[in-house]
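The values are calculated or read from the model by the stated rules, or taken from the named source; none is laboratory data. Note that the structure is predicted; figures quoted are calculated from it, not measured. For neighbour counting, all protein chains shown are included, and Cβ atoms are generated from backbone atoms with ideal geometry for every residue, glycine included. Only protein heavy atoms, including side chains, enter the accessible area calculation; ligands, DNA and RNA are left aside. Shrake-Rupley method; radii C 1.70, N 1.55, O 1.52, S 1.80 Å.
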Amino acid sequence: MRSLEYFHNLRLLPGAWVVIRVDGRSFSKFTEPRFDKPFDLKFHQMMALTAEALLQELQGIYAYTESDEISLLCAPNWDFCDRSLEKIVSISAGIASATFTQACQHIVHFDSRVWLGANKSQVIDYFRWRQADATRCALNGWCYWTLRKAGKSIGQATAMLEGKSVAFKNELLFQHGINFNELPSWQRRGIGLYFEEYEKEGYNPILHQAIVVKRRRIKCDRDLPMKEAYGEFISQILDSESSS
Ligand SMILES: Nc1nc2c(ncn2[C@@H]2O[C@H](COP(=O)(O)OP(=O)(O)OP(=O)(O)O)[C@@H](O)[C@H]2O)c(=O)[nH]1
Ligand SMILES: [Mg+2]
């Protein structure tokens, strides 16, 4: 019987960087009647909470979230569940589904997949790829919902944006009084979560003196740089991991 658990022996490549990406299942349908469009701060905060749970539970080093997806980066020597693929994708989808469901009080599901990076440069490209996706989707979403709110039908709004350039879309928003570059950064660039060290005052009861201890906490960075500067930012996270 065990031999028919055919995929259970699959392990992630030893020494590879790992990114687990979870994505909300049918969230277009789920969000439609419940959240502001194109972006809803409460929805985003529940995604940030879910990203924090993944970072904490799976001992990742960086989490990035945009729209209904979260990418969790794990170090090359990460050995969670002996790097079993089935365990990693099922547990990560479980953590995300349970955390979001509890926060939202509505049952939702996430799917999960694993991406492997051979080197730091591929990891940088991965996160720049997801951030570029965030920017593209934010521009499209803002244009689409601006047209819909101005009375256009689904078909009309879709047709008006079909094959149009970034400049055209920026101009369209501008004509409706929206400056895309001034929209909140979390909508255009996504947000990043990582551990930071901080100093906390403690007390040594044996020596009867105040001491300063170092602790770790999760920082939620809502003001990420973009493009090359974001690549540089990711590079620093990778370097600090290598030296730790
Ligand atoms: N209203 C609202 N919807 C959002 C927000 N963020 C993400 N979404 C929705 O989440 C969807 C994510 O897209 P996809 O993951 O491609 O689509 P999906 O319907 O989840 O489909 P699958 O992932 O394939 O199951 C978007 O199309 C939006 O409808 C938000 O802040 N407000
Ligand atoms: Mg989805």
Accessible heavy-atom area order of 226, 46, highest first, probe of 1.4 Å: 226, 46
The stretch 1-149 - percent of accessible surface contributed by carbon and sulfur, probe 1.4 Å: 54
Column: log10 I(q)/I(0), Debye, Cα scatterers of the chain, q = 0.09 Å⁻¹: -0.48
Over the chain: helical MRE at 222 nm, DSSP H runs n ≥ 4 each giving -39500 (n - 2.57), nearest 500: -14500 deg cm²/dmol
Tilt relative to the chain, helix 85-104 - C-alpha long axis, 0 to 90 degrees, to 10: 60
Rounded to 10°, Cα long-axis angle of helix 166-175 versus longest principal axis of the chain: 70
Area accessible to solvent at residue 201, 1.4 Å probe radius, in Å²: 150
Rounded to whole Hz, the Karplus (6.51, -1.76, 1.60) HN-Hα couplings of the stretch 67-80, x for glycine and proline: 6, 9, 10, 9, 10, 10, 8, 10, 5, x, 8, 4, 10, 4
Sequence-distant lysines (8 or more away, or on other chains) whose Cα lies within less than 18 Å of residue 214: 200
Positive-end residue of 90, 9, 45, charge dipole of the stretch 1-133 with Cβ unit charges: 9
Size of charge dipole - the chain - debye, nearest 20, with Cβ of Lys, Arg +1 and Asp, Glu -1, no other charges: 520
Ordering of 2-10, 127-135 by packing [mean C-beta count within 10 Å, highest first]: 127-135, 2-10
In degrees, nearest ten, helix 41-57 long axis to first principal axis of the chain (Cα): 20
Solvent exposure of the chain as accessible area per residue, Å², 1.4 Å probe: 58
